[in-house]
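The values are calculated or read from the model by the stated rules, or taken from the named source; none is laboratory data. Since the structure is predicted, the reported quantities are computational estimates derived from the model, not experimental observations. Backbone-built Cβ (ideal geometry, glycine too); neighbour counts: all protein chains shown.
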Amino acid sequence: MGAPYSLRRSESREIPMSDRIVKDFEHHTGIHCGSTAMADILRHAGIELSEAMVFGLGSGLGVYYLKSEHMSPSRQIMGRHFRLEENCAEALGLELRPHFEGDNEAAWAGVKAALDEDRPVLVQCDLCELPYWGSTTPFNGHKIAVVGYNDATGEVLVADTHFEGLQRISADALERARASNAPPSMGNQNVWWTLEPGDTRPLDEAVELALERNAAQMEEDSSGFGGLAALEQFAAEIVSWRELDDAAWAYRFAFQCIEKRGTGGGNFRYLYRDFLNEAGEHVPSILQAQLAVSMTRTASSWSTLARYLEAMSRWVEGGDDKPEEDPTHHLESMAEAVLQFESTFWDRVSGF
């Protein structure tokens, strides 16, 4: 993990004396936005957990296969469960309370009230509206910890994933990021969460609850676009993407969402592997069942699939770097292999 935070600033600029920052907050850098922010917020509450443990207690693994001509790209595959942060709090016996407010000013007033009580706030926002990322791809599923503000300068201070220290952005930029209706959280603007005080349950019990929940999420999702059912549909349709108008972008974005974009590689599965290794110290039967070994194989299969997705993007694009061989057959085989590895792993967990 990273070092405790220090406020990011230029050499020529003094820290404004009117900054209002949550007392004793520490940001440790991490891999994934949600698990990093949640680890920071739990640490402020006196609960010191690794990012991997937070991700695992959040029953963080999922699969979502999204299809819409109103998205860019029109086909997307995501690998973490949308309730990771709330699941983590619940596994620990706590509550991460969501707050919804359609009005932008009222939503900021709610966040500001929590900060004035020295409580860091988990906020959902659109990553491409955060200037320090320098991204042009909308992604309204990003999580940050908002920890301070400065009314005099119109700025907000946030803690975000792998960025050292606190990031200072304009209140207007944060408002735009929070009000976005971009995917994957379309129509879910201005949501924020506060961790409510309470007594935590023993870690071994929390681990067992989290494992059981994650298996149920994967095996019993009835939404039509989540869980193993969604992965099966993805595997069946992945070759047909080549006929899409945005085929090259769809394949490239899928590669990025599996192997890049804060997953830690392997579509978050390596991060979950690290959780299983650590959790085995509290629940020895996890080590005896070699669940981490099985998850390593699953993660590796996702990484291999990602390489073929990237190759497929170059193939359909037809540029100078087009692969010598059509990767279609390999892509189809690896998508099926991923489905088999995932199904086998969750069967083992369900019978654990």
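Results for (1) assigned by TED's automatic domain parsing to the domain that holds GLY62; (2) surrounded by fewer than 19 Cβ atoms within 10 Å (Cβ to Cβ); (3) free of Cβ contacts under 8 Å to residues at least 12 places away in the same chain, shown as yes or no for each residue.
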{"site": "TRP241", "(1), (2), (3)": "no, no, no"}
{"site": "ARG252", "(1), (2), (3)": "no, no, no"}
{"site": "ILE258", "(1), (2), (3)": "no, no, no"}
{"site": "GLY264", "(1), (2), (3)": "no, no, no"}
{"site": "ASN277", "(1), (2), (3)": "no, yes, no"}
{"site": "PRO284", "(1), (2), (3)": "no, yes, yes"}
{"site": "TYR308", "(1), (2), (3)": "no, no, no"}
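Considered as a group, the residues in the range 1-60 that are of a type in the set (Ser, Thr, Tyr) and over 24 Å from THR263 (Cβ atoms) include one that is modelled with the highest pLDDT, and that residue is SER18. Against the test of being closer than 15 Å to GLY56 by Cα, of a type in the set (A, V, I, L, M, F, W, C) and surrounded by fewer than 17 Cβ atoms within 10 Å (Cβ to Cβ), the options ALA216, ALA210, ALA206 yield a single qualifying residue, ALA216.
Counting only helices (runs of 4 or more DSSP H) that sit wholly inside the range 258-352, those with at least 1 residues that are over 21 Å from ARG213 (Cα atoms) and basic (Lys, Arg) are 291-317. Which one of these is crowded, with 22+ Cβ neighbours inside 10 Å, small (Gly, Ala, Ser) and touching a helix residue (DSSP H, G or I) at 6+ places or on another chain (Cβ under 6 Å): ALA89, ALA145, ALA179? Just one listed residue meets the conditions, ALA145.
Of all the residues in the range 90-123, those that are part of a strand (DSSP E or B) and either modelled with pLDDT under 95 or hydrophobic (A, V, I, L, M, F, W, C) (or both) number 4.
Going by the conditions given, is PHE253 touching a strand residue (DSSP E or B) at 6+ places or on another chain (Cβ under 6 Å) and modelled with pLDDT of 95 or more? First the steps, then the outcome.
On the way: touching a strand residue (DSSP E or B) at 6+ places or on another chain (Cβ under 6 Å): no; modelled with pLDDT of 95 or more: yes.
Answer is no for this residue.
Might you check whether a residue that is within 18 Å of SER343 (Cβ to Cβ) and acidic (Asp, Glu) occurs anywhere in the range 185-197? Checked against the condition, which is being within 18 Å of SER343 (Cβ to Cβ) and acidic (Asp, Glu), the range 185-197 yields no hits at all.
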